[in-house]
Amino acid sequence: MNNMLQIELWRECNNHCKFCYLQEENKKQSEEYKLNAIKNAIKIIKDNQTWTNYDSFGLIGGEFFQGQINTEALNKEFFSMFVAIEDQFLHSNIKHFWLTMSLTDTQHIYNSFTFEHFIDSLDHLACIRSNKHVSWKNKENQDIWICTSYDTIGRFHTKEAEETWKRYMKIIKDRSEYIHTTTCFIITQDLIDTYNKDKDFFNKFREEYNTRVYFKCPDIGCNDKTIEDFTKRTKLNNFFPKRADFIKFLYDMAEDGESVDLFNREYRAATLYENIGGKSLRVFKERQNDLISAEDATSPCGHAYWYSRYIDSDKCMMCDRDMVFKEIEDE
Ligand code: SF4
């Protein structure tokens, strides 16, 4: 299990996925707000004490490259932060670096500095360090990850946005030898239907983008209280899965030889520093624990309430996953 510190810089993202957990908290922030956020992050990254407790670092938005750092001051500060990350990375205080990005916007990062330039510089960084780490090709030593998502509904509002995502994934695949990507799918009813129509969907996807695929549970975000509220607001009628279809999906995937990397908490940061108002950071610890405090638990199983997300049942998806995986294992 990784021991990752993750910093959320801000909650500003132009993509406005219909299911996004940020919803009303997703706001355009001032330059001052964002400069403060970056400065706070730099302090934490530069402090060697930080890396006595953690070995991995994750950076998450909102987003960074949809115009969010599109002023001279922000651009300068953002890339100063990258220099600090690079320094800790090259000294192996940061062993694994995870960068979360939606890859849905076509804007240049700043002036003539493009996404391609950014990928080249990250690749170069990983390449330099790999020369010091003979065994880097081991899975354990894959050091720089770009974490992104693909969803068949609610994420791409236009064909162009989806095409942009595909283009960026191809850029990473074609230009970089050292950066790895992981793509998260929400298990929606629409995704299950897509897979049922084409059982080779994930194989083709993985091959095309050379990416690791994992799955997460559909959620209603922080604005809606119930699945009904969510569906009324988003008009995503095919979002939450039917229980029988979900369970069948897990069996089918296993039968097709797919490894179902589902609700894997190992990818979660151990600690998240969440940006509050650009001034301070709220700290969440022990985020890899599934059996959480009583107020968040779903009685009687003990899993968090956000795993109860079937359209037609109150049952817990985590319990169903465990049941299916156990049966498969016992066979
Ligand atoms: S890309 Fe991520 S942060 Fe942006 S709107 Fe979608 S879910 Fe939210």
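The values are calculated or read from the model by the stated rules, or taken from the named source; none is laboratory data. All figures in this text were calculated on a predicted structure; none of them were measured in a lab. Using ideal geometry, Cβ is built from the backbone for each residue, glycine included, and neighbour counts are taken over all protein chains shown.
Numbers for the structure displayed
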quantity: Qualifying position, being at pLDDT 90 or above, out of contact with any His (no Cβ under 8 Å at 6 or more places or on another chain) and of a type in the set (A, V, I, L, M), among Leu125, Leu74, Leu90; calculated: Leu74
quantity: Odd one out for Asp105 among (1) modelled with pLDDT of 90 or more; (2) within 29 Å of Met4 (Cα to Cα); (3) within 16 Å of the ligand (Cβ to nearest atom); calculated: (1)
quantity: Pairs where the first residue, in the range 228-257, is more than 15 Å from Arg309 (Cβ to Cβ) and the second is among the β-branched types (Val, Ile, Thr) and surrounded by fewer than 17 Cβ atoms within 10 Å (Cβ to Cβ), C-beta under 7 Å, 6+ apart; calculated: Ala254/Ile328
quantity: Residue under evaluation Phe19, criteria (1) out of contact with any strand residue (DSSP E or B) (no Cβ under 9 Å at 6 or more places or on another chain); (2) within 10 Å of the ligand (Cβ to nearest atom), criterion not met; calculated: (1)
quantity: Test for Ala244: is it modelled with pLDDT of 90 or more, farther than 30 Å from Ile128 by Cα and part of a helix (DSSP H, G or I); calculated: yes
quantity: Positions within the range 100-121 being touching a strand residue (DSSP E or B) at 6+ places or on another chain (Cβ under 6 Å) and surrounded by fewer than 20 Cβ atoms within 10 Å (Cβ to Cβ), in sequence order; calculated: none
quantity: Single unsatisfied condition, Trp51 versus (1) of a type in the set (A, V, I, L, M, F, W, C); (2) more than 26 Å from His117 (Cα to Cα); (3) within 16 Å of the ligand (Cβ to nearest atom); calculated: (3)
quantity: Selection status of Tyr150, at pLDDT 90 or above, under 17 Å from the mean Cα position of the chain (by Cα) and either closer than 27 Å to Thr71 by Cβ or surrounded by fewer than 19 Cβ atoms within 10 Å (Cβ to Cβ) (or both); calculated: no
quantity: Selection from the range 53-68 of residues that are buried (at least 22 other Cβ atoms within 10 Å of the Cβ) and acidic (Asp, Glu); calculated: Glu63
quantity: Conditions (1) closer than 28 Å to Thr211 by Cβ; (2) within 16 Å of the ligand (Cβ to nearest atom); (3) not β-branched (Val, Ile, Thr); number of the one not met by Ser92; calculated: (2)
quantity: Selection from the range 12-54 of residues that are charged (D, E, K, R) and at pLDDT below 90; calculated: Lys18, Glu24, Glu25, Lys27, Lys28
quantity: Test for Asn14: is it without any contact (Cβ under 8 Å) to a residue 60 or more places away in the chain and either touching a Cys at 6+ places or on another chain (Cβ under 9 Å) or of a type outside the set (Asp, Glu) (or both); calculated: no
quantity: Among (1) away from the ligand (no atom under 16 Å from the Cβ); (2) over 22 Å from Glu177 (Cα atoms); (3) more than 21 Å from the chain's Cα centre (by Cα) - the single one Ala41 does not satisfy; calculated: (3)
